[in-house]
Amino acid sequence: MSSDRIDTAKADTKKTISDIENKVAYAKADLNADVEKVKANFGHDEAEKKAAYAKADIKAGAEKAKADVENKVAHAKADVEKAKAQIGNKISDY
């Protein structure tokens, strides 16, 4: 296996790991929001519950957005690594 193929495989692996981390971040954000919503059900009036629900959803949305940005950055970095490997291979061919 040539160096560019190894580097390409590494970049693809980084993308896959980033995708998994993104899914975990989504699940964690949803779980945290659900916990906050359950907490809001105890000893609060309806307006406080609605506010707590909205706050939990907003926080989860922000966490998901952050995870998406981190995922896109990881993908971009991996694409750069792939491009470098391919360019390096083409240069070595000449």
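For n ≥ 4 DSSP H runs only, could you compute -39500 (n - 2.57) per run for the chain, divide by its residues and tell me the 222 nm figure to the nearest 500?
Rounded to the nearest 500, the figure is -34000 deg cm²/dmol.
For the pair K39 and K55, how long in nm is the line joining their label points, each one 7 Å along Cα→Cβ?
Placing both labels 7 Å along Cα→Cβ, they lie 0.8 nm apart.
Calculate how steeply helix 46-93 sits against the longest principal axis of the alpha-carbon atoms of the chain, using the helix alpha-carbon long axis, and give the answer as 0 to 90 degrees to the nearest 10.
Value to nearest ten degrees: 0.
Could you provide, to the nearest whole Å², the per residue accessible area of the stretch 34-94 with probe 1.4 Å?
76 Å²
Keeping the other protein chains in place, figure out the carbon and sulfur percent of the accessible area of the chain, with a 1.4 Å probe.
Of the solvent-accessible surface of the chain, carbon and sulfur hold 60 percent.
Taking 23 Å as the cut-off for C-alpha to C-alpha distance, list the pairs among K39/K72; K49/K72; K14/K37; K15/K64 that go past it.
Correct reply: K39/K72; K49/K72; K14/K37.
Between R5 and E70, what's the calculated FRET efficiency when r is the beta-carbon distance and R0 is 35 Å? Round to 0.05. Working shown, then result.
Values: r = 27 Å, r/R0 = 0.77.
Using R0 = 35 Å, I get an efficiency of 0.85.
Compute the projected area of the convex hull of the Cα atoms of the stretch 1-85, averaged over all viewing directions, and report it in nm² to one decimal place.
5.3 nm²
The values are calculated or read from the model by the stated rules, or taken from the named source; none is laboratory data. Small disclaimer: the values here were computed from a predicted structure and weren't measured. In this analysis, Cβ positions are derived from the backbone assuming ideal geometry, glycine residues included, and neighbour counts consider all displayed protein chains. Accessible surface is based on the protein model in full, side chains and every heavy atom, while ligands, DNA and RNA are left aside. Shrake-Rupley method; radii C 1.70, N 1.55, O 1.52, S 1.80 Å.
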